[in-house]
Structures are given as structure tokens and as C-alpha cells.
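Have a look at the structure below before the remarks.
The values are calculated or read from the model by the stated rules, or taken from the named source; none is laboratory data. Everything quoted here is computed from the prediction, not taken from an experiment. Using ideal geometry, Cβ is built from the backbone for each residue, glycine included, and neighbour counts are taken over all protein chains shown. Only protein heavy atoms, including side chains, enter the accessible area calculation; ligands, DNA and RNA are left aside. Shrake-Rupley method; radii C 1.70, N 1.55, O 1.52, S 1.80 Å.
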Amino acid sequence: MENKTIDRHLGNFNIAGFTYWEGCMTIADLKVGSQLRLVRERENRFDPNAVAIYFNEHKLGFIPRGENELISKLMDLGYGKIFDCRIQRISLDAHPEKQVGVVVFLKEVNEVFNN
């Protein structure tokens with residue numbers, strides 16, 4: 001029987017609002033592969049599906065609108081631990097809103113329930 005790799009990729013995007021939050025204070029510490037934390041912001045007055053992205057205690061920005069609906073719904077249902085969010089790309093020469101690319105993977109069930 002052939003082993004198949006499971007596709008855990010959920011999506012990738014640039015961090016929205018990077019110039020408005022703490023991106024410039026942390027850019028020197030960010031590395032490709034760095035783990036990020038997703039935080040649901042239900043009370044966000046600009047976007048009812050807002051999901052913030054943090055590096056340690058620093059807010060970097062948000063998952064862009066149009067990319068956040070599924071993730072916000074799953075987080076609202078209590079499935080926030082299934083996401084593995086990582087820095088995929090850093091381009092210091094790009095426009096600040098396009099400097100940091102992020103990828104979101106789904107964790108395997110064993111990773112979620114055994115931690």
C-alpha cells in the first residue's frame with residue numbers, strides 16, 4: 001500500500017495592516033518558519049470575521065478579509081488549536097503591506113488532542 005502525504009495547507013496570504021500595528025518593532029526578529037498565534041477578535045468593529053496575528057506578544061496585523069471567514073468560524077466553534085500559522089516569506093524590499101507572507105496549516109488530530 002502506498003503512503004500518501006496529507007495536504008495540511010489551508011491558505012497563505014500577506015499580513016493585513018502590518019504597517020499599523022507592531023510589525024516594524026518585530027521585523028528584525030521574524031524568520032521564515034517562525035510560529036505565529038491567531039487570536040479571534042469578535043468585537044472588531046471593522047470586520048466581524050477578524051482574526052489577529054501575533055508574534056509572541058506583538059500584534060502584527062490580521063488575516064485579510066476574504067481569507068478569514070472559515071478560520072473565524074472554526075475558531076468561534078472552539079477549534080482554534082487546529083491551526084499552525086507560520087511565516088512563509090519575508091521581503092524587506094516590498095511595500096510594507098506585502099513584506100510578510102504567512103501560511104496556515106491544519107494540524108493532525110493527534111497533534112491537537114495530545115497537547
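A compact table of results
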item: Pairs with Cβ under 9 Å, 6+ apart, first in segment 16-42 and free of Cβ contacts under 8 Å to residues at least 24 places away in the same chain, second of a type in the set (D, E, K, R); result: 39/59; 41/47
item: Selection within segment 82-115 - surrounded by 13 or more Cβ atoms within 10 Å (Cβ to Cβ), farther than 22 Å from residue 31 by Cβ and not acidic (Asp, Glu); result: 82, 106, 112
item: Qualifying residue in segment 73-84 (condition: modelled with pLDDT of 95 or more, assigned to a loop (DSSP other than H, G, I, E, B) and among the aliphatic types (A, V, I, L, M)); result: yes
item: Residues of segment 57-73 classified as open to solvent by 40 Å² or more (accessible area, probe 1.4 Å) and touching a helix residue (DSSP H, G or I) at 6+ places or on another chain (Cβ under 8 Å), total; result: 1
